[in-house]
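Below is one structure; the comments refer to it alone.
What follows draws every value from the coordinates through simple rules; no lab data is involved. In this text, all values refer to a predicted model and were calculated from it rather than measured experimentally. Don't worry about glycine lacking a Cβ; one is built from the backbone with ideal geometry, like all the others, and counts go over all protein chains shown.
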């Protein structure tokens, strides 16, 4: 993974717990890289255990999901498996929606190399402009719109601030309700 920045190593106990649940490719990434940031700080590999509670409280269809990533724009990306099918789901709290962004984990990794995918499916704009203006967010932060988009805030870079990711998601869902 080019431009990977390590936050912390993945405990062996976590690797063992998820080795038969998550895609082998992800387990290999955990073992070889750990938890950290890629894509110029935009995408963060996270410890699922630290995000189960927030997903349970803020996403109605949380059954069979495992949090894998967060983004610097305040999203949580989930692995969802039903039978032999698996999906990557984006919880886009700032816009109040959830959607499938890849049908398989390996496809998701390949798509991340495409600018069009980042713009259209990941909705990462205005991330590049935001980091030019404000710098890259810390591992536990994201850019948040102030005022919130759901409360009439404008989707402009000038309205972005660095905020704590988990607290910001709770704030959004307190006003707008959980995602479906």
Notebook entry, point to check: Of all residues in the stretch 164-175 being touching a helix residue (DSSP H, G or I) at 6+ places or on another chain (Cβ under 8 Å) and surrounded by fewer than 17 Cβ atoms within 10 Å (Cβ to Cβ), which is farthest from residue 143 (Cα to Cα)?
Noted result: 175
Checklist line | Selection from the stretch 1-13 of residues that are within 19 Å of the chain's Cα centre (by Cα) and not in a loop (DSSP other than H, G, I, E, B) | finding: 5, 6, 7, 8
Margin query: Kindly evaluate residue 150 against the criterion of being assigned to a helix (DSSP H, G or I), surrounded by 13 or more Cβ atoms within 10 Å (Cβ to Cβ), touching a helix residue (DSSP H, G or I) at 6+ places or on another chain (Cβ under 9 Å) and in contact (Cβ under 8 Å) with a residue 12 or more places away in the chain.
Written below: yes
Next item on the list: State which residue is nearest to residue 173 (Cα to Cα) when the search covers only the stretch 60-80 and only residues that are in contact (Cβ under 8 Å) with a residue 60 or more places away in the chain and surrounded by fewer than 22 Cβ atoms within 10 Å (Cβ to Cβ).
Entry: 60
Next item on the list: Spot the failing condition for residue 49; the list is (1) crowded, with 16+ Cβ neighbours inside 10 Å; (2) under 30 Å from residue 177 (Cα atoms); (3) under 15 Å from the mean Cα position of the chain (by Cα), and only one is missed.
Entry: (1)
Check: Do you know which residues across the stretch 124-135 are out of contact with any helix residue (DSSP H, G or I) (no Cβ under 8 Å at 6 or more places or on another chain) and either more than 18 Å from residue 90 (Cβ to Cβ) or assigned to a loop (DSSP other than H, G, I, E, B) (or both)?
Finding: 128, 131, 132, 134, 135
Margin query: Return the residues of the stretch 14-35 that are within 18 Å of the chain's Cα centre (by Cα) and at negative phi; say none if nothing qualifies.
Written below: 22, 23, 25, 26, 27, 29, 30, 33, 35
Next item on the list: Scan the stretch 94-105 residue by residue and report those that are surrounded by 13 or more Cβ atoms within 10 Å (Cβ to Cβ) and over 13 Å from the mean Cα position of the chain (by Cα).
Entry: 95, 96, 102, 104, 105
Next item on the list: Please enumerate the residues belonging to the stretch 108-120 that are free of Cβ contacts under 8 Å to residues at least 40 places away in the same chain and over 15 Å from residue 22 (Cβ atoms).
Entry: 110, 111, 113, 114, 115, 116, 117, 119, 120
